[in-house]
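Report on the following structure.
The values are calculated or read from the model by the stated rules, or taken from the named source; none is laboratory data. Bear in mind the structure is a predicted one, so any value in this text is a computation, not a measurement. Quick reminder, even Gly has a Cβ in these numbers, built from the backbone with ideal geometry, and neighbours come from all protein chains shown.
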Amino acid sequence: MGYWGQLWVSGIPYEERQRQVGEIYKLSAEGEAAIREHGVDYVVIGPDERASLGANEDAYASRFPVVAATERWRVYDVRSLTANAAP
């Protein structure tokens with residue numbers, strides 16, 4: 001989604017997308033549906049996502065491979081959720 005303020009100043013409604021992003025980071029059932037809906041391939045979890053968005057990194061780590069990592073950041077490959085999604 002990026003910074004919500006950029007969407008707001010452009011007159012683009014951001015509230016629903018912002019809510020969906022939060023669910024994606026929690027990896028709730030709704031978040032999984034949003035990953036499929038938007039064709040998300042990778043989820044990046046770092047300090048901000050943990051602190052501000054309540055990222056459920058344990059859930060990601062148990063289900064998806066890490067494709068890149070540093071001391072504080074992980075990139076998870078979530079394409080397995082979209083592999084069988086309808087176009």
Please verify whether the stretch 50-68 includes one or more residues that are modelled with pLDDT of 95 or more, among the hydrophobic types (A, V, I, L, M, F, W, C), assigned to a loop (DSSP other than H, G, I, E, B) and surrounded by 13 or more Cβ atoms within 10 Å (Cβ to Cβ).
yes
Members of the stretch 28-49 that are out of contact with any strand residue (DSSP E or B) (no Cβ under 9 Å at 6 or more places or on another chain), over 14 Å from F64 (Cα atoms) and in a helix (DSSP H, G or I):
A29, E30, G31, A33, A34, R36, E37, H38, P47, D48
Name every residue in the stretch 6-27 that is β-branched (V, I, T), in a helix (DSSP H, G or I) and more than 18 Å from S80 (Cβ to Cβ), in order of residue number.
V9, V21
